[in-house]
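Data first, discussion second: the structure below is written as structure tokens.
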Amino acid sequence: MSLANSLTHYEILRIPSDATQEEIKRAYRDQLLHTHPDKLTKNTHGTISSVTINKIQDAYRILSDIRSRCEYDRLILENYKQQGFHNCGDGLDEFSLDDFSFDEDKLEFMMNCPRCQFVNGFHFSESFLDECIDNTNVTERNHSGYQLLTQCSACSLWLKVNFDVEEELAGQ
């Protein structure tokens, strides 16, 4: 099952991922009523919703069964991991500087944003990292490692970036 570029069953039914079985049933009925051909109206953007009755029924069939819902939730998590989301539990994804590309001419680290896919949404130079260490704008993880909190230049996503410092840089 591919989840890329499509609404999740939770989004189709317009419910949170921790919805109860009663909330799922109520949302299913509401969504069926709102997509009935006699009830179709334009949304706030002036277009008719792409959610079909078949999609609503499929979402309900999966989410109303405990086993299929657990399997579906596992697939969603796997899909997020494949897209670069590795949630560490505190709301911020954590990456290593090794996950970034490095431009040897500019001496810059770059990575596309895992959320908005903005090209090089995360980028910074070696000198910036050195300045952060000198100005204590990073958290020290261990004797040679640091963690930088940084935001995508195109969206609101924040990441923790872990990096180690070579001995020659540590003495500066």
Only one of (1) modelled with pLDDT under 80; (2) under 21 Å from P114 (Cα atoms) is not met by K39, so which one is it?
-> (2)
Whichever residue in the stretch 150-165 is modelled with pLDDT under 85 and among the aliphatic types (A, V, I, L, M) and, among such residues, is farthest from L92 (Cα to Cα) = V165
Can K25 be described as assigned to a loop (DSSP other than H, G, I, E, B) and modelled with pLDDT of 60 or more?
-> no
Filtered residues of the stretch 42-74 (kept if farther than 16 Å from S6 by Cα, modelled with pLDDT of 80 or more and assigned to a loop (DSSP other than H, G, I, E, B)) = S64, D65
Find the residue count for the stretch 11-30, including only residues that are open to solvent by less than 70 Å² (accessible area, probe 1.4 Å) and closer than 21 Å to P114 by Cα.
-> 0
Across the stretch 120-134, which residue is most open to solvent (accessible area, probe 1.4 Å) among those that are over 15 Å from D98 (Cα atoms) and of a type in the set (G, A, S)?
-> S127
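The values are calculated or read from the model by the stated rules, or taken from the named source; none is laboratory data. Source: prediction; values computed, not measured. What goes into the accessible areas is simple: the full protein's heavy atoms, side chains included, and nothing from ligands, DNA or RNA. Shrake-Rupley method; radii C 1.70, N 1.55, O 1.52, S 1.80 Å.
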